[in-house]
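Below: one structure, written as structure tokens.
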Amino acid sequence: MSGQMNKPPTRRSFLDLILAVGSLLTTAAVSIPGLMYLWPAAKGGGPAKVEVEGADQMTPGQGKTIQVGSQAVVVVRHRSGFKAYSAVCTHLGCLVTWDSPTKSFLCPCHAAVFDENGKVVSGPPPAPLPEFVVKEIGDKVFVSAA
Amino acid sequence: MMGLVNTVKQFFDDRYDTKLAGELISKQAFKRLPPHTGWLHVLGSLSLLLFISQTITGIMLLIYYRPTPEAAHKSIQYITAEVQFGWLYRQIHAWGASMMIFAVILHMIRTFFMGAYKKPRELTWVTGVILFILTITFGFTGYLLPWNQIAFWATTVGTESASKVPVIGDWLQYFLRGGDAVTGETLSRFFVVHVILLPWALTGVIAVHLFLMRLSNLATLERVGEEAPLKPEHGIPFFPVHVAKEGVVVMMMLAVLVTLSVVSPWEIGEPANALQTPPHIKPEWYFLPSYQLLKYFEGPYGALMGIIGCSVPFVLLLLWPFLDRGKERHPRKRPIAVGLGLFGLLGAMFLGYLGHISETEQTFFGQRYHITLKGWPVPLDDTADAEPPAH
Ligand code: HEM
Ligand code: FES
């Protein structure tokens, strides 16, 4: 038997090969769709551009959390106009709130402070709050992702 | 009556080797345990009994629980307020979860300090650490199911930490959440893991753990490789002596569970609100040490270092029997292992305590302190003679 090892493929070794490759392909055919099934199906989220309800009733210094697509966003009315930042703290994902007396965004989870431009003032976050695009059309205010 | 019993007996005798079956069963029932087997050896059975209790109460809760963001919180309210004894089974499940983790930890402490993980029982220990990790995962996934504020945000923060894992972090987080944020998709995933995958995984690993435990019998305190063979007449019979101890422990466990459920019930809390994070969210007690440890890692690589810092203890636990190859089992003859074990245990308890009191006010020796996020006490100078700040 061992003398035949180096010989050209016999019928038996050929069948062994087919069997090995076949098992591999079957395993792949069974498991790849299964893994893909587990991967989250991409969803649109919501509209990517959102009107800020009641924007005309906001006074300068006031802030409001709204949802843009699947993202929470804080819209702040300054004297100069509206600005919007992602409300998702860049540390571990809690939502910041606008604190008008100190003109800053505060995170309730690990006490992070961001200034009015979203820059980190103190606390653990590694990055600033991403800014959102604000368009003022007449007295309507729209927010969309950058 | 006797006739019926005989007919049944005859039915089995005609078909199976009932004598062999009887021998196998009585061999298990009357097996001898080493003479020093005592009350501390009941902790493993206690963990198992709590798992059984969780399974039964979990199946009962499932009859009324609805795993969707719209219905989950209301269904728990319904279980508590409308279903007869629903409050009791919910409380026993919630308290049982904590007790099960506590029992598993005590069981680990017992086997660690008695050197039971040493050769030939290394793999019994390793399967035990896997059981510990699975049990904690049970707690993490179950916590989200009531879909309340605290659970929603603790899960947001918990899964956000996963995104800091190098290379695959973002995928991992997306996969765990079933999308970008914690939503109904997350609830479905956690639900399936909590009620289907984990119960079967735990059942399988428990089976292997118990099988290995039986193969090598319980450890004694003798040196590795020098154990004197167990003389049956000196051993403790599993039945009735050890089983009686287990029976006492079950009754005490049920009494404690019911007492806690009545005296200190778990709140349902406010329903989850994805647009508002409540202040001071803290995880369950068994996550407090990692929660506190993560706070000390800051800066761009902080999160990564934090993840490494929190995984090292688990890796050490898994590898421990292969790192500590000393022959001694008796704790008094293993000063280094016992010292390290105590250090780890007290360290985890201290971190957990800091996590518990962080961001609260506490009084120590008559002085009020505000405890910062990182656990430093800052004196509150509401007293007139307090020194003014130096600057
Ligand atoms: C086979 C077993 C299990 C089933 C079928 C099950 C099922 C459930 C269900 C339906 C809930 C939601 C109801 C509720 O929140 O009260 C729940 C909650 C929970 N489960 Fe389980 N469970 C099982 C085992 C476990 C284990 C072993 C643990 C932990 C060690 C655990 C920990 C939790 C926790 C912490 C909650 C949240 C309790 C609350 O806040 O009310 N479960 N489980
Ligand atoms: S999540 Fe905002 S500071 Fe940690």
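Worth a mention:
- Flag for residue B:229 being over 30 Å from residue A:125 (Cα atoms), at pLDDT below 95, more than 13 Å from every other protein chain (Cβ to nearest Cβ) and in a helix (DSSP H, G or I): no
- Cβ separations smaller than 6 Å between residues 6+ apart or across chains give the following pairs from the range B:230-253 residues that are among the β-branched types (Val, Ile, Thr) to residues that are in a helix (DSSP H, G or I): B:249/B:42; B:249/B:46; B:250/B:49.
- Condition met for residue B:172 (away from ligand 1 (no atom under 15 Å from the Cβ) and touching a strand residue (DSSP E or B) at 6+ places or on another chain (Cβ under 6 Å)): no
- Test for residue A:65: is it among the polar types (S, T, N, Q) and assigned to a loop (DSSP other than H, G, I, E, B): no
- Every residue from the range B:341-361 that is exposed (fewer than 14 other Cβ atoms within 10 Å of the Cβ) and not in a helix (DSSP H, G or I): B:360, B:361
- For the range A:68-81, taking the residues that are surrounded by 21 or more Cβ atoms within 10 Å (Cβ to Cβ) and more than 30 Å from residue B:304 (Cβ to Cβ), the one that is nearest to ligand 1 (Cβ to nearest atom) is identified as A:75.
- Of all residues in the range A:88-98, at least one satisfies being away from ligand 2 (no atom under 13 Å from the Cβ) and of a type outside the set (S, T, N, Q).
- Any hit, the range A:51-67, residues being more than 16 Å from ligand 1 (Cβ to nearest atom), more than 8 Å from every other protein chain (Cβ to nearest Cβ) and within 23 Å of residue B:178 (Cβ to Cβ): no
- Per-region count, the range A:122-142, residues in a strand (DSSP E or B), away from chain B (no Cβ under 14 Å) and either of a type in the set (Phe, Trp, Tyr) or loosely packed, with under 15 Cβ neighbours inside 10 Å (or both): 7
The values are calculated or read from the model by the stated rules, or taken from the named source; none is laboratory data. All values derive from a computational prediction rather than experimental measurement. Cβ: placed from backbone, ideal geometry, glycine included. Neighbour counts: every protein chain shown.
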